[in-house]
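Q: Right, I'll just put the structure down here and ask away after.
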Amino acid sequence: MTEAIKVIIQNRSPLLSEDSEVFQEILSFFGEGAKIIPDTLDLNSFLAPHRLYRVIRIKEKSFKDCAYKLVDDFPEFAHAYGMLRYYKSPGEVYWSEIEKAENILSDAMTMDVYGWTPDAFTLFENADPGTYELVAILAF
């Protein structure tokens, strides 16, 4: 699937370098092992013309803390046109914890979340014990 994702990125955003952080994080988002399989239609809409991108990485003691840090330290996320994000869990996934984090993010958004192109997330298990991580790829 990685090659198919590379082709979509190259076709939709030919100026985005394969070595760039954004390119690599998009590949990670669509990588193997995702607990929620991402839809490539999200990628097509995310890579709309004339967009700028930013990657934000947050490591905290819980998914909820990751969400609060994104809201408090990076308020510009709420003004993005779209966001792909993935969580990395240090072990067993408690979906209620993901739901709490997602509620924090949706409450902080200043525009209708359904107007985003797209607003998608997935989850991976992380080998780093005790560390919860949120990686947000924003489109402006």
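The values are calculated or read from the model by the stated rules, or taken from the named source; none is laboratory data. Here the structure is a predicted model, which means the values were calculated and not measured. Cβ sites come from the backbone with ideal geometry, for glycine too, and all protein chains shown count toward neighbours. Protein only, heavy atoms only, side chains kept; ligands, DNA and RNA dropped before computing areas. Shrake-Rupley method; radii C 1.70, N 1.55, O 1.52, S 1.80 Å.
Q: Going by the conditions given, is residue 121 aromatic (Phe, Trp, Tyr), surrounded by 13 or more Cβ atoms within 10 Å (Cβ to Cβ) and more than 18 Å from residue 38 (Cα to Cα)?
A: Details: aromatic (Phe, Trp, Tyr): yes; surrounded by 13 or more Cβ atoms within 10 Å (Cβ to Cβ): yes; more than 18 Å from residue 38 (Cα to Cα): no.
So residue 121 fails the test.
Q: Which of the residues that make up segment 6-22 are out of contact with any strand residue (DSSP E or B) (no Cβ under 9 Å at 6 or more places or on another chain) and open to solvent by less than 70 Å² (accessible area, probe 1.4 Å)? Break it down into steps so the answer makes sense when it comes.
A: Of segment 6-22, the ones out of contact with any strand residue (DSSP E or B) (no Cβ under 9 Å at 6 or more places or on another chain) are 6-12, 14-15, 17-19.
Result: 6, 8, 9, 17.
Q: Just to be sure I understand the filter: pairs with C-beta atoms under 8 Å, separated by 6 or more residues or on different chains, first member in segment 66-81 and in a helix (DSSP H, G or I), second member of a type in the set (Phe, Trp, Tyr) and buried (at least 16 other Cβ atoms within 10 Å of the Cβ). Which pairs pass?
A: Partner pairs satisfying both residue conditions: 66/87; 66/132; 70/77; 71/77.
Q: Hey, another quick one. Report whether or not residue 29 is aromatic (Phe, Trp, Tyr), within 18 Å of residue 132 (Cβ to Cβ) and open to solvent by 20 Å² or more (accessible area, probe 1.4 Å). Can you show your working first?
A: On the way: aromatic (Phe, Trp, Tyr): yes; within 18 Å of residue 132 (Cβ to Cβ): yes; open to solvent by 20 Å² or more (accessible area, probe 1.4 Å): no.
For residue 29, the condition - aromatic (Phe, Trp, Tyr), within 18 Å of residue 132 (Cβ to Cβ) and open to solvent by 20 Å² or more (accessible area, probe 1.4 Å) - is not met.
Q: Something else now. Go through the residues of segment 49-61 one by one and say whether even a single one is open to solvent by less than 60 Å² (accessible area, probe 1.4 Å) and either in a helix (DSSP H, G or I) or polar (S, T, N, Q) (or both).
A: No: segment 49-61 contains no residue that is open to solvent by less than 60 Å² (accessible area, probe 1.4 Å) and either in a helix (DSSP H, G or I) or polar (S, T, N, Q) (or both).
Q: Tell me, yes or no, whether segment 99-117 has at least one residue that is in a helix (DSSP H, G or I), buried (at least 18 other Cβ atoms within 10 Å of the Cβ), of a type in the set (Gly, Ala, Ser) and in contact (Cβ under 8 Å) with a residue 24 or more places away in the chain.
A: yes
Q: Now, a different point. Report every pair of residues separated by at least 6 positions or lying on different chains whose Cβ atoms are under 9 Å apart, first residue within segment 85-98 and among the acidic types (Asp, Glu), second not in a strand (DSSP E or B).
A: If the second residue must be not in a strand (DSSP E or B), the pairs left are 97/62; 97/63; 97/64.
Q: While we're on this one: Which pairs turn up if I take residues in segment 15-37 that are under 15 Å from residue 47 (Cα atoms) and look for partners that are polar (S, T, N, Q) and part of a loop (DSSP other than H, G, I, E, B) with beta carbon separation below 8 Å, at least 6 apart in sequence or on another chain?
A: As it stands, the answer is 23/17, since those pairs meet every condition given.
Q: Right, next: Within segment 62-84, how many residues are surrounded by fewer than 21 Cβ atoms within 10 Å (Cβ to Cβ) and under 21 Å from residue 30 (Cα atoms)? Reasoning before the result, please.
A: Narrowing segment 62-84 to residues surrounded by fewer than 21 Cβ atoms within 10 Å (Cβ to Cβ): 62, 64-65, 68-69, 71-79, 81.
The next check asks that each one be under 21 Å from residue 30 (Cα atoms); those that pass are 77, 81.
Selection size over segment 62-84: 2.
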